[in-house]
Amino acid sequence: MISLSLIFASLIVLILLLDWKVLRTLPPSNRWIACSLFVLSLGIFMYNLKFDRNISPTVWVGQIIKKWVPFD
Amino acid sequence: MNKITPRQIILLGIVYMLPFVINGIRSISIAKQHTYVTYLMAAILFMGVLWMLLRSAKRFPDQDLFQSLVSRFPVIGRGVGFLYILFFLYILTRDIRIMVDYTRVVLLPNTPFIVTSLLIIATVVFIVRGGLRTLISLSEIMGPIVILALFIMLIMLFKDFHLENMMPFFHMDIPGVSEGTWLVMSSSGQIIMLPLIISSKDYRYRDPLYSLVIGTLLIVLVVLTLILVIGVPLAERLMYPSYELVREIRIADFLDRFDLLFVLLWYPFILINMAISLYVICYGLKIMVPSVSGKMMAAPIGLLSLSCSAWFFRDTIQMLDFNHQWAWIALVFEIIIPIGMFVLLRPRKTPLKN
């Protein structure tokens, strides 16, 4: 799990290094959105690897909608 | 070539409809030998929806639907736009999951999943960074090649057709067919992305409709070939029926690995399809938040969809089962909101002062 997360994190650093030249010239909201999306994806990635019985959104949504599905 | 030609729009729509249907034909276990009817029914339904969307897009000259939503209703329009972004994010996520699974099961069983998925997402991100022009050029190259390959496949398999697989032809199972239509509706409805990203001055009414019709006819062709060659009882139990279909092709006694050739043509097709989803997300984000550069968002959203592709679904079976429930959500985005747009989205009668 640690090694996979490290691969993922190093990839994020790589992308930021490559793009930083362009990102610096753009308005600051770009940097904020990009960085928060990176953190969010790293968080989801680690959460997914860390726990065995995690909650998948589609399972959860599926159980809610199941009542109204015309065919089963 | 600064202007987008009708042919390019038609091919773009076909590329967005065709690939995943070829991979997994969802309704075959329910509609049996009348699976092709389900796709035709879905196409007829979406002809109406697409016409409504095009009608509301044409009211705003020189704008696509995202832009006209934001310019007409700044707050509610942005809300609807974000919902569409989430919708396409789910589609992209599901497609990445399907492709990673497919690559691991069929093509490269020993490669770790992180490598496969990173390679897929990197390609998609680089395509999207090229912009709409790259997407259109790629689909203009790969579209005709894949369509030609489908017809060649049909000709090669012609001697293996078993007409009795289509029997009973006239006894139509109405509940089965309607349930199948429910299942395939969401995939045919993805065609609604055309008016969302292409400015309304670039197409005529009939171009997106042509694209829907041609795409559906190609799908029907594949489905008919599948049922005629493999047969319903076998095809409904296969995870990747079309892949097995190509493996049926055999010329003389020694040329029998046509599946690799077909995958070689079809895999780029899939990548273009995923790139279109990612492009819709980035473009929508750019329109919703004006200061954001869509090009720079490609990599973060690509990575987000990669980690979501592992998180959203418990396993492949659950992903396939979720299609039943997903149709409701797709119904909202592909039918109800377009009807709402058709009714409400009109330019202001009196232009704003200042």
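Small (Gly, Ala, Ser), away from chain A (no Cβ under 14 Å) and open to solvent by 10 Å² or more (accessible area, probe 1.4 Å): which single residue out of B:Ser277, B:Ser187 fits that description?
Details: B:Ser277 fails: open to solvent by 10 Å² or more (accessible area, probe 1.4 Å).
Residue meeting the stated conditions: B:Ser187.
Criterion first (closer than 25 Å to B:Met239 by Cα and open to solvent by 40 Å² or more (accessible area, probe 1.4 Å)) does B:Trp326 satisfy it? Reasoning before the result, please.
Values: closer than 25 Å to B:Met239 by Cα: yes; open to solvent by 40 Å² or more (accessible area, probe 1.4 Å): no.
Here the answer is no, as B:Trp326 does not meet what is asked.
Mind listing just one residue for me: the one in region B:191-206 that is assigned to a loop (DSSP other than H, G, I, E, B) and of a type in the set (Lys, Arg) and, of those, most open to solvent (accessible area, probe 1.4 Å)?
B:Lys201
Which residue pairs have Cβ atoms closer than 9 Å, lie 6 or more positions apart in sequence or on different chains, and pair a first residue in region B:313-332 that is on the phi < 0 side of the Ramachandran plot with a second residue that is among the basic types (Lys, Arg) and open to solvent by 40 Å² or more (accessible area, probe 1.4 Å)?
From residues that are on the phi < 0 side of the Ramachandran plot, the pairs are B:Leu320/B:Arg26; B:Asn323/B:Arg26; B:His324/A:Lys66; B:Gln325/A:Lys66.
Taking region B:276-301, which residues are in contact with a Ser or Thr (Cβ under 9 Å, 6 or more places away or on another chain), farther than 24 Å from B:Met239 by Cα and small (Gly, Ala, Ser)?
B:Ser291 - this is the single residue of region B:276-301 that is in contact with a Ser or Thr (Cβ under 9 Å, 6 or more places away or on another chain), farther than 24 Å from B:Met239 by Cα and small (Gly, Ala, Ser).
Does B:Val70 satisfy the condition of being under 27 Å from B:Pro268 (Cα atoms), surrounded by 15 or more Cβ atoms within 10 Å (Cβ to Cβ) and in contact (Cβ under 8 Å) with a residue 12 or more places away in the chain? Steps first, please.
On the way: under 27 Å from B:Pro268 (Cα atoms): no; surrounded by 15 or more Cβ atoms within 10 Å (Cβ to Cβ): yes; in contact (Cβ under 8 Å) with a residue 12 or more places away in the chain: yes.
Criteria not met by B:Val70.
Out of all the residues in region B:32-52, which are of a type in the set (A, V, I, L, M), in contact (Cβ under 8 Å) with a residue 12 or more places away in the chain and open to solvent by 30 Å² or more (accessible area, probe 1.4 Å)? Let's see the steps before the verdict.
So in region B:32-52, the residues of a type in the set (A, V, I, L, M) come out as B:37, B:40-45, B:47, B:49-50, B:52.
In the following step, the residues that additionally are in contact (Cβ under 8 Å) with a residue 12 or more places away in the chain were identified as B:37, B:40-43, B:45, B:47, B:49-50, B:52.
Scanning region B:32-52 gives B:Leu40, B:Met41, B:Leu45, B:Met47, B:Met52.
Within region B:291-330, restricting attention to residues that are more than 7 Å from chain A (Cβ to nearest Cβ) and among the β-branched types (Val, Ile, Thr), which residue is nearest to the chain's Cα centre (by Cα)?
If we take residues in region B:291-330 being more than 7 Å from chain A (Cβ to nearest Cβ) and among the β-branched types (Val, Ile, Thr), then B:Ile329 is nearest to the chain's Cα centre (by Cα).
Condition check ((1) more than 7 Å from chain B (Cβ to nearest Cβ); (2) assigned to a loop (DSSP other than H, G, I, E, B); (3) exposed (fewer than 13 other Cβ atoms within 10 Å of the Cβ)) across all residues:
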site: A:Ala34; (1), (2), (3): no, no, no
site: A:Ile44; (1), (2), (3): no, no, no
site: A:Asp52; (1), (2), (3): yes, yes, yes
site: A:Trp60; (1), (2), (3): yes, no, yes
site: A:Ile64; (1), (2), (3): yes, no, yes
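Picking from A:Leu14, A:Leu18, A:Leu40, which residue would you name as being open to solvent by 70 Å² or more (accessible area, probe 1.4 Å), part of a helix (DSSP H, G or I), under 30 Å from B:Lys286 (Cβ atoms) and facing chain B (nearest Cβ under 7 Å)? It would help to see each step written out before you state the result.
On the way: A:Leu14 fails: facing chain B (nearest Cβ under 7 Å); A:Leu18 fails: facing chain B (nearest Cβ under 7 Å).
Within the list A:Leu14, A:Leu18, A:Leu40, the selection yields A:Leu40.
Could you look through region B:82-116, keep only residues that are within 20 Å of the chain's Cα centre (by Cα) and more than 26 Å from B:Ile197 (Cα to Cα), and pick out the one that is most open to solvent (accessible area, probe 1.4 Å)?
Of everything passing the filter in region B:82-116, B:Asp101 is most open to solvent (accessible area, probe 1.4 Å).
The values are calculated or read from the model by the stated rules, or taken from the named source; none is laboratory data. Predicted, not measured: the structure shown is a model, and the values here were computed from it. Note: ideal-geometry Cβ built from the backbone for every residue, glycine included; neighbour counts use all protein chains shown. All accessible areas refer to the heavy atoms of the entire protein, side chains included, with ligands and DNA or RNA removed. Shrake-Rupley method; radii C 1.70, N 1.55, O 1.52, S 1.80 Å.
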